[in-house]
Amino acid sequence: MKKRALISVSDKTGIVELAKGLLASGLEIISTGGTKKALDDAGIETMGIEEVTGFPEMMDGRVKTLHPLIHGGLLGRRDLQSHMDAMSAHGITPIDVVVVNLYPFKETIQKAGVTEEEAIENIDIGGPSMLRSAAKNFAAVTVITDPEDYAQVLDELKTAGETSLATRKYLAAKVFRHTAAYDALIAGYLSKLVGEERPEKLTLTYDLKQTLRYGENNHQQAAFYQEALPVAYSIAAAKQLHGKELSYNNIKDADAALRIAREFEAPTVVALKHMNPCGIGTGETIEKAYDFAYDADPVSIFGGILVANREIDLATAEKMHKLFLEIIIAPGFAPEAFQLLSSKKNLRLMTLDFSEKAASNEPEKVSVLGGLLVQDQDVLAEDPTTWQVVTKRQPDEDELAALSFAWKAVKHVKSNAIVLANGQQTVGIGAGQMNRVGSVKIAIQQAEEAGKMDGAVLASDAFFPMGDSVEYAAAHGIKAIVQPGGSIKDQQSIDAADAAGIAMVFTGVRHFRH
């Protein structure tokens with residue numbers, strides 16, 4: 001009995017060459033719809049699906065391959081006589097090779113203005129059914145869903161007359177990954193359509209973007225996966241123009257820096273090390289913003305990551321070129337700036353569309369042992385005009401601007417977080433301490449050693465549990481504080497601020513970042 005292949009693909013990449021190779025290996029080809037037309041136009045002899053089933057395509061193609069003469073040929077076990085007897089009794093011919101890829105659901109829902117009807121019509125039913133049937137019977141059936149695998153299958157057919165069991169197992173596993181991802185996208189789309197925010201089953205799918213050299217440490221294996229529906233403002237979407245491959249830690253740090261940069265509209269540069277900003281500067285030009293970011297901590301910026309929200313010009317590049325940096329991300333690089341910076345062979349230069357920053361509000365997902373935490377991103381839009389001044393002294397205009405700047409920064413520092421800043425730059429950062437006053441002391445020490453306490457204000461990501469932090473800040477010259485409030489001992493902090501003539505405002509919102 002002549003072996004059969006069934007081909008039905010939406011992505012026709014390489015399909016003519018594959019079909020010719022299958023014919024040359026002695027298989028006859030069954031095909032459907034547009035695939036059959038493409039093969040017929042190429043002069044390749046095929047059988048229509050209706051020639052096998054004796055049943056015409058119907059319902060706009062919704063029903064064509066869902067038939068016992070197809071699925072019996074896919075699922076029948078060649079090693080069980082009862083299966084072979086049933087196939088013989090019902091005139092079912094085995095199908096030995098299946099080549100199917102699915103309706104472009106992902107591409108459809110990514111189109112601007114796509115309608116619900118159009119999306120639903122691009123949910124493939126027959127294709128996944130054939131793939132799953134064939135993959136289940138990998139003992140006898142070769143199933144291909146990725147054009148990248150065509151060459152391997154043809155090579156094995158040519159040299160051995162059949163594919164190996166190992167290859168069929170590999171392809172079957174790939175099929176089930178493919179159909180699972182396809183169904184996850186559909187589930188996600190429909191869940192969003194009906195407003196389901198906390199489904200009883202969380203179905204996620206990602207595409208491998210990069211196999212990493214190692215993980216957080218060099219004894220850990222790692223890989224970088226991208227959302228199946230790409231997020232425009234993300235490190236996964238950034239285009240690398242120069243330098244060596246990103247590492248695991250590079251990706252984590254770059255993500256953290258991008259989150260900070262999207263807080264600011266004016267020209268801004270973020271310098272980041274180990275998931276915490278070491279300097280944030282804003283100015284009238286990107287060069288001035290860089291000057292402030294560098295000056296905020298000229299020691300810690302060494303080996304850091306920079307994100308700038310404006311094109312890098314030559315003057316700014318000349319200053320950056322003097323440092324050892326891991327990554328620079330910006331909307332673009334002036335030609336002469338790129339030429340200069342790319343002279344450092346390992347420096348990673350990347351571009352990203354900053355105009356899309358407001359759209360990247362997908363939920364955050366964090367793994368824990370045995371589970372996954374999912375939450376909204378901390379992108380709450382806040383209005384300083386709604387803040388409550390709780391002290392006798394009101395902040396002046398300059399202090400209010402500095403408090404707003406510091407508040408944007410502190411939400412991106414590991415808690416317990418304290419940021420000292422003026423209106424142009426951070427001047428002291430206390431991150432990740434086990435008690436809040438410890439972070440206050442670190443931030444003030446940094447600012448004092450740099451001689452930057454004059455005009456500095458203080459932001460705390462969460463409330464002060466007692467008055468000691470305010471007392472310490474007052475003793476070192478802080479004149480304005482922004483914090484969420486909400487402690488049962490808020491009055492202690494208010495009294496300490498009033499006693500020192502400090503202006504203190506409550507935002508009513510905390511910004512823990514663990």
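Condition (residue is basic (Lys, Arg) and either at pLDDT below 90 or part of a loop (DSSP other than H, G, I, E, B) (or both)) applied to the stretch 98-111: is it met by at least one residue? Yes, some residue in the stretch 98-111 is basic (Lys, Arg) and either at pLDDT below 90 or part of a loop (DSSP other than H, G, I, E, B) (or both). Consider SER493 carefully, then state whether it is among the polar types (S, T, N, Q) and closer than 15 Å to ILE429 by Cα. For SER493, the condition - among the polar types (S, T, N, Q) and closer than 15 Å to ILE429 by Cα - is not met. Going residue by residue through the stretch 328-343, is there one that turns out to be in contact with a Gly (Cβ under 7 Å, 6 or more places away or on another chain) and either assigned to a loop (DSSP other than H, G, I, E, B) or open to solvent by 20 Å² or more (accessible area, probe 1.4 Å) (or both)? Checking the stretch 328-343: not a single residue is in contact with a Gly (Cβ under 7 Å, 6 or more places away or on another chain) and either assigned to a loop (DSSP other than H, G, I, E, B) or open to solvent by 20 Å² or more (accessible area, probe 1.4 Å) (or both). Assess whether GLY243 counts as being in contact (Cβ under 8 Å) with a residue 40 or more places away in the chain, at positive phi and not acidic (Asp, Glu). Spelling it out, GLY243 is indeed in contact (Cβ under 8 Å) with a residue 40 or more places away in the chain, at positive phi and not acidic (Asp, Glu).
None of ILE305, ILE312 is more than 20 Å from VAL410 (Cα to Cα), at pLDDT 95 or above and surrounded by 17 or more Cβ atoms within 10 Å (Cβ to Cβ) except ILE312. Among the residues of the stretch 150-167, those identified as closer than 18 Å to ALA19 by Cβ and assigned to a helix (DSSP H, G or I) are TYR150, ALA151, GLN152, VAL153, LEU154, ASP155, GLU156, LEU157, LYS158. State all residues of the stretch 43-72 that are within 22 Å of VAL16 (Cβ to Cβ), open to solvent by 20 Å² or more (accessible area, probe 1.4 Å), modelled with pLDDT under 80 and among the aliphatic types (A, V, I, L, M); if no residue qualifies, say none. Across the stretch 43-72, the qualifying residue is only VAL52. For the stretch 24-54, the set of residues classified as over 42 Å from the mean Cα position of the chain (by Cα), in a helix (DSSP H, G or I) and not charged (D, E, K, R) consists of ALA24, VAL52, THR53, listed by residue number. Of all the residues in the stretch 395-411, those that are open to solvent by 20 Å² or more (accessible area, probe 1.4 Å) and within 33 Å of the chain's Cα centre (by Cα) number 3.
Taking residues in the stretch 464-493 that are outside any loop (DSSP other than H, G, I, E, B) and aliphatic (A, V, I, L, M), and partners anywhere that are at pLDDT 95 or above and surrounded by fewer than 20 Cβ atoms within 10 Å (Cβ to Cβ), the pairs with Cβ atoms closer than 7 Å and at least 6 places apart or on different chains are ALA474/ALA500. The selection criterion, being open to solvent by 40 Å² or more (accessible area, probe 1.4 Å), more than 18 Å from ALA417 (Cβ to Cβ), in contact (Cβ under 8 Å) with a residue 60 or more places away in the chain and among the acidic types (Asp, Glu), holds for GLU227.
Residues in the stretch 435-453 that are open to solvent by less than 50 Å² (accessible area, probe 1.4 Å), over 16 Å from HIS514 (Cα atoms) and assigned to a helix (DSSP H, G or I): VAL437, GLY438, VAL440, ALA443, ILE444, GLN446, ALA447.
Among the residues that make up the stretch 344-356, is at least one of them farther than 22 Å from TYR248 by Cβ and among the aliphatic types (A, V, I, L, M)? Within the stretch 344-356, none of the residues are farther than 22 Å from TYR248 by Cβ and among the aliphatic types (A, V, I, L, M). Among residues that are in contact with a His (Cβ under 7 Å, 6 or more places away or on another chain) and either surrounded by 19 or more Cβ atoms within 10 Å (Cβ to Cβ) or under 24 Å from GLU263 (Cα atoms) (or both), ILE418 is not included.
Is it the case that the stretch 425-434 has a residue that's open to solvent by 70 Å² or more (accessible area, probe 1.4 Å) and either in a loop (DSSP other than H, G, I, E, B) or among the basic types (Lys, Arg) (or both)? So far as the stretch 425-434 goes, yes, one or more of its residues are open to solvent by 70 Å² or more (accessible area, probe 1.4 Å) and either in a loop (DSSP other than H, G, I, E, B) or among the basic types (Lys, Arg) (or both).
Failed condition for VAL374, given (1) without any contact (Cβ under 8 Å) to a residue 60 or more places away in the chain; (2) open to solvent by 30 Å² or more (accessible area, probe 1.4 Å); (3) among the β-branched types (Val, Ile, Thr), with all others met? Status for VAL374: all satisfied but (1).
Applying the condition of being open to solvent by 10 Å² or more (accessible area, probe 1.4 Å) and hydrophobic (A, V, I, L, M, F, W, C) to the stretch 121-145 and asking which residue is farthest from SER31 (Cα to Cα) yields ALA139.
Taken over the stretch 344-371, the criterion of being of a type in the set (S, T, N, Q) and either over 24 Å from SER247 (Cβ atoms) or crowded, with 20+ Cβ neighbours inside 10 Å (or both) is satisfied by SER355, ASN361.
Across the stretch 315-324, the number of residues qualifying as over 30 Å from the mean Cα position of the chain (by Cα) and either without any contact (Cβ under 8 Å) to a residue 24 or more places away in the chain or open to solvent by less than 40 Å² (accessible area, probe 1.4 Å) (or both) comes to 3. Return yes or no: is ALA223 under 28 Å from ALA337 (Cβ atoms), within 15 Å of the chain's Cα centre (by Cα) and among the hydrophobic types (A, V, I, L, M, F, W, C)? Spelling it out, it is not the case that ALA223 is under 28 Å from ALA337 (Cβ atoms), within 15 Å of the chain's Cα centre (by Cα) and among the hydrophobic types (A, V, I, L, M, F, W, C). Are there any pairs with C-beta distances below 7 angstrom linking a residue in the stretch 146-159 that is open to solvent by 80 Å² or more (accessible area, probe 1.4 Å) to a residue that is among the hydroxyl-bearing types (Ser, Thr, Tyr) and not in a helix (DSSP H, G or I), with the two at least 6 apart or on different chains, and if so which? Going by the 7 Å Cβ cut-off, the qualifying pairs are LYS158/SER25.
The values are calculated or read from the model by the stated rules, or taken from the named source; none is laboratory data. These figures come from a predicted structure and were not determined experimentally. Methodologically, a virtual Cβ is constructed for each residue, glycine included, from the backbone with ideal geometry; neighbour enumeration extends over all protein chains shown. Accessible surface is based on the protein model in full, side chains and every heavy atom, while ligands, DNA and RNA are left aside. Shrake-Rupley method; radii C 1.70, N 1.55, O 1.52, S 1.80 Å.
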